[in-house]
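The values are calculated or read from the model by the stated rules, or taken from the named source; none is laboratory data. This structure is a prediction, so every number in the text was calculated from the model and none was measured. Here the Cβ positions follow ideal geometry from the backbone for every residue, glycine too, while neighbour counts run over all protein chains shown. These area figures cover heavy atoms from the full protein model, side chains too; ligands, DNA and RNA do not enter into them. Shrake-Rupley method; radii C 1.70, N 1.55, O 1.52, S 1.80 Å.
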Amino acid sequence: GRFGPPGALPAILSAFPEKGKKKNTDRYIAKNFLGYDFLKDGFTADYEREGKKFKLWIIQGESVSDCRERLQRYMEKLGNSTADPKEGTYRFTDPYHGNVELFWRGRNIAGVLGLADERLRGEYLQMMGETLRP
């Protein structure tokens, strides 16, 4: 019920940019998103652009405090603990996923996986940031 009416695709999927998106690759992962038990309700889509393959992802939290807690736990797992994460952009090295760049705003955490090109990562984060509501 949180993601829209029954039988319809979740509205959050419209936040994935169309540019470079591979058809029919949208996925919903209910639990253990990115392999972490505290991350849940994640959406992903596969992309290819300029010969580079990568994934975009979005987690829609229940509240701002829920997202803060999830991000804080993720940061702690990666050894980057911060007492109180703030909304904004973060870069991490995840032992399972390599370089991860994400942003948190409101009830949404969104990121890019598997893309070494910093310019493209920034472009896609900006596109998602423009479509995701806080």
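Here Phe33 fulfils each of the conditions (1) among the hydrophobic types (A, V, I, L, M, F, W, C); (2) open to solvent by less than 10 Å² (accessible area, probe 1.4 Å); (3) over 11 Å from the mean Cα position of the chain (by Cα) apart from (3). The set of residues in segment 94-134 being open to solvent by 80 Å² or more (accessible area, probe 1.4 Å) and part of a helix (DSSP H, G or I) consists of Glu118, Arg119, Gln126, Glu130. Taking every residue in segment 9-22 that is surrounded by 12 or more Cβ atoms within 10 Å (Cβ to Cβ) and pairing it with any residue that is part of a loop (DSSP other than H, G, I, E, B), at least 6 positions away or on another chain, the pairs with Cβ-Cβ distances below 6 Å are Pro10/Phe3; Pro10/Gly4; Ala11/Gly4; Leu13/Asp26; Ala15/Leu132.
Within segment 64-87, is there a residue that is closer than 19 Å to Glu130 by Cα and part of a strand (DSSP E or B)? No: segment 64-87 contains no residue that is closer than 19 Å to Glu130 by Cα and part of a strand (DSSP E or B). Scanning segment 47-60 turns up no residue that is open to solvent by 40 Å² or more (accessible area, probe 1.4 Å), polar (S, T, N, Q) and closer than 20 Å to Glu18 by Cβ.
Taken as a whole, segment 81-104 holds at least one residue that is within 14 Å of the chain's Cα centre (by Cα), of a type in the set (Val, Ile, Thr) and over 15 Å from Leu34 (Cβ atoms).
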